[in-house]
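**Student:** One structure is given below, represented as structure tokens, and several questions about it will come after.
The values are calculated or read from the model by the stated rules, or taken from the named source; none is laboratory data. Source: prediction; values computed, not measured. Using ideal geometry, Cβ is built from the backbone for each residue, glycine included, and neighbour counts are taken over all protein chains shown.
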Amino acid sequence: MVYTQKSSALFIIGLAMLAIWYTADAGLLSGYIEHLGGEKYKYLPELITIPIYFGILSVVIGAWQWFGSHKEGHWDYYSSTVAGAMFILFIAMLVRWFVAPEVAVISTGMGEVGDTGKHLHKLLGLNYVVLGILAGIIVVNFFKVPEWAANGVRLSRLGLKTGVILLGTLYSAAELKNLGGLSIVMIGFFVLGSVGMVLWLGSRMKIPNSMGGVLSAGMGVCGVSATVASAPVVQAKSVEIAYTIGTILLWGVGCMFVFPIIGNLLGMSYVQFGAWAGTGILNSAQVAGAALAYQPDGIETLKVAEIFNITRVLVLPIIVLWLAVWYVRREENVTHQVNVGTVIFEKFPVFVIGFILMFALSTTGIFAPPNHYKGKFFGNTAETGFKDEKLLKGDQIATLQSESGSVQRADRKEALQRLIDNGKVMTIEDDDTLRGLANAKVMSKDANKILKGAHKAVRHTAKKVKAFRKWITWLFAFGLVGLGMQITVSSMRQAGGQPAVIGGIVGFIKAALSLVVVMMLISETI
Amino acid sequence: MSDQEEKYDRGSALSIFGSDRKEDFIALILALAVALYVYVSN
């Protein structure tokens with residue numbers, strides 16, 4: 001089979017990318033950029049760099065695909081993916097640079113929604129992540145993915161996995177220690193609870209043990225990979241695997257859009273939302289989608305969510321063992337013995353080990369200064385990057401002074417006083433404490449804004465960390481638009497009757513309970 | 001998804017690779033390549 005299509009599409013996409021680069025670089029877009037926010041529009045540096053590289057690549061490979069002759073083989077198979085990959089990337093570019101900012105302009109023009117204090121696009125999370133996934137869903141369900149792009153769309157999961165592995169470079173040991181402890185407790189409780197509940201509901205509703213087993217792993221652990229890993233131990237049939245994946249997709253897609261709206265309505269902090277998404281949403285890609293939808297221009301939420309998600313994947317071997325024992329006890333006619341150890345070894349996702357490897361590399365300090373925290377290092381002197389114009393002004397100090405009475409915790413009170421006395425954050429510990437204070441939302445919006453400004457003035461992002469963030473953002477944007485292109489109505493219909501009901505009940509209870517636990521246990525940044 | 005599966009004689013409807021393990025390893029190699037590029041160029 002020859003995969004490369006003789007089509008002009010990739011060549012045209014390349015020309016369109018080059019046109020974006022040229023018009024932005026020559027200043028021809030300045031009027032439109034002014035309309036999209038002027039100085040607040042932050043994508044200009046991307047507009048004048050990214051499209052030229054991918055534009056040239058697309059034009060060259062596109063010309064070869066259009067005019068060249070193609071024969072069956074490895075080169076044909078792998079090079080044919082370029083057209084689809086560039087198609088996804090082009091959509092991601094358009095959505096990130098133009099569609100999402102335009103939606104924000106329209107929404108801002110409509111005014112705030114009721115007494116929420118937020119504009120519609122903020123409330124619904126209509127940012128480039130959500131709009132990118134929606135664009136993918138619209139393309140596949142209304143227009144169908146073009147033949148020339150079909151092979152490349154199957155690269156989207158690779159993009160997400162690469163993004164997750166690279167995310168390992170952005171954690172510090174302190175963060176992982178703090179988040180790790182919390183995530184182990186929460187994930188342990190919710191994973192075991194959901195698996196147990198699906199198995200119990202399954203036996204009450206009299207669905208086959210193989211169906212209940214595979215559905216419990218999918219609903220409890222991490223969606224599709226857990227489904228595939230547990231299928232052999234419960235001897236699940238293909239149709240049961242399809243039902244489970246359909247149920248996870250149906251529930252997960254809903255969560256991906258609804259979670260950020262609830263998070264916005266409740267005013268959740270990044271850590272709270274990340275912990276909730278990482279616990280309550282089933283599939284890794286959808287966890288990333290919801291986290292980025294909640295915080296599209298930063299990755300703090302994504303980092304928290306992924307720690308929870310990875311902790312969940314690490315529980316997979318325990319669940320496979322549990323299901324193996326459970327299934328053998330319940331089924332009298334187990335047709336063949338399955339080696340559980342082999343299943344775990346063969347199906348355990350290697351990208352999780354990659355994440356840990358990247359984290360280990362980053363802790364050696366090769367990507368950022370050794371004292372970095374959340375990708376940034378502390379510096380409050382001129383030698384370490386502090387600028388004197390960033391000292392707090394008199395009116396800002398007065399605001400903080402007037403609200404300091406509302407702060408109860410002694411450590412926060414002391415750190416705040418030191419900030420007021422010196423006009424800048426004095427130590428890295430004070431900075432962490434004051435960040436916690438801002439995220440706890442104890443003081444007014446204005447005061448929190450001042451605290452955030454004081455924090456930014458003493459935190460400097462290492463160049464390598466900045467570069468990693470860019471790569472991760474684009475890999476996720478690419479993966480999520482492609483993910484949208486794989487969400488078809490027909491694949492969601494596969495959820496079927498009873499599995500969808502059980503999945504819905506367990507998914508809802510898990511999401512609601514984890515929300516309550518997160519709101520009770522986590523009150524600030526970690 | 002099943003209607004798409006027949007379209008490809010290699011990989012699956014969700015991936016161009018024959019197995020999840022292979023996709024994971026390729027993701028790992030890509031991530032290491034990006035890390036090396038970032039390390040060298042910044």
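**Student:** Are there helices (runs of 4 or more DSSP H) fully within the range A:1-66 with at least 3 residues that are within 31 Å of the chain's Cα centre (by Cα) and crowded, with 20+ Cβ neighbours inside 10 Å? List them.
**Tutor:** Ranges flagged: A:9-25.
**Student:** Any residue at all in the range A:178-196 that's part of a helix (DSSP H, G or I) and within 14 Å of chain B (Cβ to nearest Cβ)?
**Tutor:** For the range A:178-196, residues part of a helix (DSSP H, G or I) and within 14 Å of chain B (Cβ to nearest Cβ): absent.
**Student:** Within the range A:485-507, work out how many residues are farther than 20 Å from A:Val214 by Cβ and at pLDDT 85 or above.
**Tutor:** Looking only at that region, the number is 1.
**Student:** If we keep just the residues of the range B:28-42 that are facing chain A (nearest Cβ under 7 Å) and under 16 Å from A:Gly168 (Cβ atoms), which is farthest from the chain's Cα centre (by Cα)?
**Tutor:** So, considering only residues that are facing chain A (nearest Cβ under 7 Å) and under 16 Å from A:Gly168 (Cβ atoms), the one farthest from the chain's Cα centre (by Cα) is B:Tyr39.
**Student:** Give me the pairs, please: first residue somewhere in the range A:119-139 and farther than 14 Å from A:Leu483 by Cβ, second residue anywhere and assigned to a strand (DSSP E or B), beta-carbon distance under 8 Å, and either six or more positions apart or on two chains.
**Tutor:** A:His119/A:Glu112
**Student:** Working only within the range A:380-411, note down all residues that are within 24 Å of A:Val271 (Cα to Cα) and outside any helix (DSSP H, G or I).
**Tutor:** A:Val407, A:Gln408, A:Arg409, listed by residue number.
**Student:** For the condition within 14 Å of chain B (Cβ to nearest Cβ), surrounded by fewer than 23 Cβ atoms within 10 Å (Cβ to Cβ) and more than 19 Å from the chain's Cα centre (by Cα), what is the one hit in A:Glu112, A:Glu147? Talk me through it step by step, then tell me what you get.
**Tutor:** Working: A:Glu112 fails: within 14 Å of chain B (Cβ to nearest Cβ).
After applying the criteria, what remains is A:Glu147.
**Student:** Continuing with this model, one more query. Could you please tell me which pairs satisfy a Cβ distance under 7 Å, a separation of 6+ or placement on different chains, a first residue in the range A:16-39 that is touching a residue at least 60 places away in the same chain (Cβ under 8 Å), and a second residue that is of a type in the set (A, V, I, L, M, F, W, C)?
**Tutor:** A:Ala16/A:Phe90; A:Met17/A:Phe54; A:Met17/A:Phe90; A:Ile20/A:Leu47; A:His35/A:Val105; A:Leu36/A:Val105
**Student:** In the range A:202-253, how many residues are more than 24 Å from A:Ile133 (Cα to Cα), among the β-branched types (Val, Ile, Thr) and away from chain B (no Cβ under 13 Å)?
**Tutor:** 4
**Student:** Shifting gears a bit: Collect the residues in the range B:8-27 that are more than 7 Å from chain A (Cβ to nearest Cβ), charged (D, E, K, R) and not in a helix (DSSP H, G or I), keeping them in residue-number order.
**Tutor:** The answer is none; no residue qualifies.
**Student:** How many residues, within the range A:399-408, are surrounded by 15 or more Cβ atoms within 10 Å (Cβ to Cβ) and more than 14 Å from A:Asp446 (Cβ to Cβ)?
**Tutor:** Final tally of qualifying residues: 1.
**Student:** Could you grab the pairs with beta carbons closer than 7 Å, sequence gap of 6+ or different chains, first residue in the range A:407-426 and free of Cβ contacts under 8 Å to residues at least 12 places away in the same chain, second one among the hydrophobic types (A, V, I, L, M, F, W, C)?
**Tutor:** Within 7 Å, the pairs are A:Lys413/A:Val407.
**Student:** While we're here: List pairs: first residue in the range B:24-38 and under 13 Å from A:Phe468 (Cβ atoms), second residue of a type in the set (Gly, Ala, Ser) anywhere in the structure, Cβ distance under 8 angstrom, at least six positions apart or on different chains.
**Tutor:** That search, which allows pairs on different chains as well, returns B:Ala31/A:Gly354; B:Val38/A:Ala467.
**Student:** To continue, here is another question. Go through the range A:269-302 and report how many residues are modelled with pLDDT under 85 and closer than 23 Å to A:Ile356 by Cβ. Let's see the steps before the verdict.
**Tutor:** The initial filter retains those residues of the range A:269-302 that are modelled with pLDDT under 85, namely A:282-286, A:296-300.
Narrowing further to those that are closer than 23 Å to A:Ile356 by Cβ: A:282-286, A:299-300.
The qualifying residues number 7.
**Student:** Which condition breaks for A:Leu160 when tested against (1) under 14 Å from the mean Cα position of the chain (by Cα); (2) crowded, with 24+ Cβ neighbours inside 10 Å?
**Tutor:** (2)
**Student:** Quick one: how many residues across the range A:347-367 are at the interface with chain B (Cβ under 7 Å from one of its Cβ atoms), at pLDDT below 85 and farther than 21 Å from A:Lys463 by Cα?
**Tutor:** The total comes to 3.
**Student:** Does A:Leu160 satisfy being over 26 Å from A:Met519 (Cβ atoms) and either at the interface with another protein chain (Cβ under 8 Å from one of its Cβ atoms) or in contact (Cβ under 8 Å) with a residue 12 or more places away in the chain (or both)?
**Tutor:** Yes; evaluated as a whole, the condition is true for this residue.
**Student:** Would it be correct to say that A:Ala85 is aliphatic (A, V, I, L, M), part of a helix (DSSP H, G or I), outside the structural domain of A:Gln295 (by TED's automatic domain parsing) and more than 26 Å from B:Asp9 (Cα to Cα)?
**Tutor:** no
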